[in-house]
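The values are calculated or read from the model by the stated rules, or taken from the named source; none is laboratory data. A quick note: this is a predicted structure, and the numbers were derived from the prediction, not measured. When we count neighbours, we look across all protein chains shown, and the Cβ atoms used for this are built from the backbone with ideal geometry, even at glycine.
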């Protein structure tokens, strides 16, 4: 499995958990506004993604995300945090 596939799988898993939607449904309808994508779900997904992938996302860029693909692209571009 490639790193990109791992990131996509993680993003889909997190969104599926937060939005209570099956992964296949998110793939078929990738526009987040269709679901209950509000401030609470957005922050929950942000927290889970940062924790699971050991990244720090730029909040403005994150809030500009509109689709699953946008989020995968944003997350894929982030370097992993290094331990202090």
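Return yes when residue 52 is assigned to a helix (DSSP H, G or I), in contact (Cβ under 8 Å) with a residue 40 or more places away in the chain and either more than 14 Å from residue 26 (Cβ to Cβ) or under 12 Å from the mean Cα position of the chain (by Cα) (or both) and no when it is not.
yes
Out of all the residues in the stretch 29-47, is one or more assigned to a helix (DSSP H, G or I), touching a strand residue (DSSP E or B) at 6+ places or on another chain (Cβ under 7 Å) and touching a residue at least 12 places away in the same chain (Cβ under 8 Å)? Let's see the steps before the verdict.
Looking only at the stretch 29-47, we keep the residues that are assigned to a helix (DSSP H, G or I), and these are 32-34, 39-47.
Restricting the remaining residues to those that are touching a strand residue (DSSP E or B) at 6+ places or on another chain (Cβ under 7 Å) gives 32.
From what is left, the residues that are touching a residue at least 12 places away in the same chain (Cβ under 8 Å) are 32.
Looking through the stretch 29-47, at least one residue is assigned to a helix (DSSP H, G or I), touching a strand residue (DSSP E or B) at 6+ places or on another chain (Cβ under 7 Å) and touching a residue at least 12 places away in the same chain (Cβ under 8 Å).
So, in the stretch 10-32, how many residues would count as being surrounded by fewer than 17 Cβ atoms within 10 Å (Cβ to Cβ) and either closer than 16 Å to residue 80 by Cβ or at pLDDT below 95 (or both)?
1
Can residue 66 be described as surrounded by 11 or more Cβ atoms within 10 Å (Cβ to Cβ), at pLDDT 95 or above, over 10 Å from the mean Cα position of the chain (by Cα) and within 19 Å of residue 6 (Cβ to Cβ)?
no
Of all residues in the stretch 59-83, how many are more than 18 Å from residue 16 (Cα to Cα), assigned to a loop (DSSP other than H, G, I, E, B) and touching a helix residue (DSSP H, G or I) at 6+ places or on another chain (Cβ under 8 Å)?
Count: 3.
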